[in-house]
Amino acid sequence: MDTPQPRLTEFAHGGGCACKIPPGELEEAVKGLTGQSGPDVLVGLDDGDDASAVRVRDDLAVLSTADFFTPVVDDAYDWGRIAAANALSDIYAMGGTPVTAINLVGWPREKLPMELLTEVLRGGLDVAAQANCPVAGGHSIDDPEPKYGMAVTGIAHPDELMRNDAAEVGLPLTLTKPIGVGILNNRHKRTGEYFAEAVATMTELNADAALAALAAGVRAATDVTGFGLLGHLFKMCRASGVGAIIDAAAVPRLGGVDESIADGCVSGGTRRNLDWVRPNLTTDDSVTEDELFLLADAQTSGGLLIVGEIPGHPIIGEIVVGSGVHVR
């Protein structure tokens, strides 16, 4: 008789990027560590960008990032693919090209079989191979809660970085993936239901979107992950000294999201995101609390939020004079 595979999400207190430390608490923890940059540190801690950028030549910057999280789905191979795509996304969000990665693993070796870890790592390797990014080692620890991700090194031209502090008034906002994966992942954790569309969008690399943004001359972008669309947009607006308007009806969403919100599948991370942004958020009277939950939903391996227009992706708002975010 076959032994049923354990549900990985049952070993996690929170799924994927929803297990991030809340943005307000994180900023409080690192507020005294900013301003450490030298002349060749092009992007550091100050504005919460997706990766650091250090100039090593006039025409070359090295990018560095790390991202790991608890299981977001029960399938080990899919979790590995999602985690790798999510880590690589930080490099793409900066306008860079990943060149190498190393694995980061926490594994409850007395509770979960090592064969499952092999599947996680295989998923990560397969997605890294799609990105032409060799995985050359890593580090693992015995951990009561499973965790997986990657530290990724990339390269970019110093003059072509996409960053948080470069948003300009009058430019449109483009979003390259639908949102709602956090809500659907929470439902998956509760019920075991499988959402193929959500897995497909989380495992999709942001490479093509980044190339299109660079070709269009984009200089401000971020990826939408654990702090939600509202959280990442607010951080960009604050760093750039601008405001933003979001058209809620124009924001693409995954199938099944509205029903899942109505069923209460909203993570604590999403609620904390909304609480953090709310002092800097205004809305039209027609905007519901459920719509705000979606816009604050803690994404895992989300799309790029781009200040500018790129073909084939919806415009969801614009950068305006002012501060904070308005949803209409």
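Table for the structure above
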read-out	value
Cβ-based charge dipole, the chain, positive-most Cα from Pro311, Leu173, Met162	Met162
Tally of Lys pairs whose C-alpha atoms are under 17 Å apart, taken over the chain, 8 or more apart or cross-chain	6
The chain: relative contact order as a whole-number percent, Cα under 8 Å and 6+ apart	23
Surface/4 estimate of mean projected area, convex hull on alpha-carbon atoms of the stretch 8-159, nm²	9.4
Dimensionless Rg ratio for the chain, taking C-alpha atoms and the 2.2 N^0.38 Å reference	0.95
Fewest-first ranking of Tyr77, Tyr148, using other Cβ atoms within 10 Å as the exposure measure	Tyr77, Tyr148
222 nm mean residue ellipticity, helices alone, for the chain (DSSP H n ≥ 4; -39,500 (n - 2.57); rounded to 500)	-10000 deg cm²/dmol
Student exercise, the stretch 162-327 dipole from Lys, Arg, Asp, Glu Cβ charges, in Debye to nearest 20	600
Fewest-first ranking of Met150, Met162, using other Cβ atoms within 10 Å as the exposure measure	Met162, Met150
Kyte-Doolittle mean at least 0.5, axial Cα span of 20 Å or more - DSSP H helices of the chain	114-130
Highest-first arrangement of 292-301, 207-216, where packing means the average Cβ count within 10 Å	292-301, 207-216
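Here, each number is a calculation from the coordinates, and none is a lab measurement. Keep in mind that what you see is a predicted model, and the values were worked out from it rather than measured. With ideal geometry, Cβ positions are generated from the backbone for all residues, glycine too; neighbour counts draw on all protein chains shown.
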